[in-house]
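First the structure, in the form of structure tokens, and then the observations on it.
The values are calculated or read from the model by the stated rules, or taken from the named source; none is laboratory data. Keep in mind it's a predicted model, so treat the numbers as computed, not measured. For neighbour counting, all protein chains shown are included, and Cβ atoms are generated from backbone atoms with ideal geometry for every residue, glycine included.
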Amino acid sequence: MMKSRWMVVFMITFGLTVTSVKWTEAEPTSELSDAEKALMDSVPEHALLKVLSVFDEDEEKVLRTDSLPVRDVNDPGIRRLAERLLSDSRRGAYSGIAAVQVGIPRRLMVVLRRDKPDAPYEVYFNPEILEASEPSVNRESCLSMRGYYGYVERPAVIRVRYLDLKGEEITETIRGHAARTFQHEVDHLDGIMFTDRITSEEMLRRRDR
């Protein structure tokens, strides 16, 4: 749908001929598709959004998608998605989650900052890892691969850049468990599962039930 922003009319008369020229501007395009908005609408606010699983073939295809950059952190759909992921993380006690894990491939994620006082959950738009320390091996699991855990090499200290909820560009150093979680979620945004970083099948194990 096109919406007029202004109209300029040139009246050039040659005998009985009048020519009108009208400029129009497209309405702003939403960051999320109608299908992605409908996905959120289908789950009540009091319920958790479904987390996709690698054990479902169709869902794994989505998880393997490269997420699109967020163009406008103030877009209503993006804000709503960020709020839902924050709420779900708190209620579900997640260490972290990426938007693609709920079926919306955007470069948006939430991480539990255990390296900060009171361990807040924080939202990151378009996160990047700029520098990293030497890697060490530690245990990881994933919401999209429930029932399994593995041992993965990741740096314990990283230098990162991202946009925050105010749209401000932030650069900071993250350490420890929060650093590993940050890297895990960035991998999701690139369509990478933690199992892709395991060098041996012996390092992937099933949880005892």
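I'd like the residue in segment 153-182 that is β-branched (Val, Ile, Thr) and surrounded by fewer than 18 Cβ atoms within 10 Å (Cβ to Cβ) and, out of all such residues, is farthest from the chain's Cα centre (by Cα). Across segment 153-182, the extreme among qualifying residues is Val157. I'd like to know if segment 28-38 contains one or more residues that are of a type in the set (Asp, Glu), surrounded by 12 or more Cβ atoms within 10 Å (Cβ to Cβ) and either more than 28 Å from Tyr148 (Cα to Cα) or at pLDDT 95 or above (or both). There is at least one residue in segment 28-38 that is of a type in the set (Asp, Glu), surrounded by 12 or more Cβ atoms within 10 Å (Cβ to Cβ) and either more than 28 Å from Tyr148 (Cα to Cα) or at pLDDT 95 or above (or both).
Check whether at least one residue in segment 165-181 is in a strand (DSSP E or B), touching an Asp or Glu at 6+ places or on another chain (Cβ under 9 Å) and not aliphatic (A, V, I, L, M), and report yes or no. There is at least one residue in segment 165-181 that is in a strand (DSSP E or B), touching an Asp or Glu at 6+ places or on another chain (Cβ under 9 Å) and not aliphatic (A, V, I, L, M). Taking Ile104 as the residue in question, decide whether it is of a type in the set (A, V, I, L, M) and part of a strand (DSSP E or B). Criteria not met by Ile104. Considering each residue of segment 197-205 in turn, at least one proves to be among the small types (Gly, Ala, Ser) and either over 22 Å from Glu83 (Cα atoms) or in contact with a helix residue (DSSP H, G or I) (Cβ under 7 Å, 6 or more places away or on another chain) (or both).
Going by the conditions given, is Arg197 within 30 Å of Glu36 (Cβ to Cβ) and modelled with pLDDT under 95? Walk me through it before giving the result.
Numbers: within 30 Å of Glu36 (Cβ to Cβ): yes; modelled with pLDDT under 95: yes.
Yes.
Listed by first and then second residue, the pairs with beta-carbon distance under 6 Å, at least 6 apart or on different chains, first residue in segment 78-98 and closer than 23 Å to Glu140 by Cα, second part of a helix (DSSP H, G or I) and of a type in the set (Gly, Ala, Ser), are Ile97/Ser89. Residues in segment 113-125 that are of a type outside the set (A, V, I, L, M, F, W, C) and closer than 12 Å to Phe182 by Cα: Arg113, Arg114, Asp115, Tyr121, Glu122, Tyr124.
For segment 42-77, taking the residues that are in a loop (DSSP other than H, G, I, E, B) and touching a Pro at 6+ places or on another chain (Cβ under 7 Å), the one that is surrounded by the most Cβ atoms within 10 Å (Cβ to Cβ) is identified as Ser67. Within segment 187-209, the set of residues being over 26 Å from the mean Cα position of the chain (by Cα) and of a type in the set (A, V, I, L, M, F, W, C) comprises Met203 only.
Out of the residues in segment 126-140 that are free of Cβ contacts under 8 Å to residues at least 24 places away in the same chain and part of a strand (DSSP E or B), which is surrounded by the most Cβ atoms within 10 Å (Cβ to Cβ)? Per the stated criteria, the residue is Pro135.
Please tell me if Arg159 is out of contact with any Lys or Arg (no Cβ under 7 Å at 6 or more places or on another chain), basic (Lys, Arg) and closer than 19 Å to Glu122 by Cβ. Criteria met by Arg159. Residue-level check: of (1) in a helix (DSSP H, G or I); (2) crowded, with 17+ Cβ neighbours inside 10 Å, Val123 misses just (1).
Scan segment 183-208 for residues that are farther than 15 Å from Gln101 by Cβ and either of a type in the set (A, V, I, L, M) or touching a residue at least 60 places away in the same chain (Cβ under 8 Å) (or both) and jot them down. The answer is Ile198, Met203, Leu204, Arg207.
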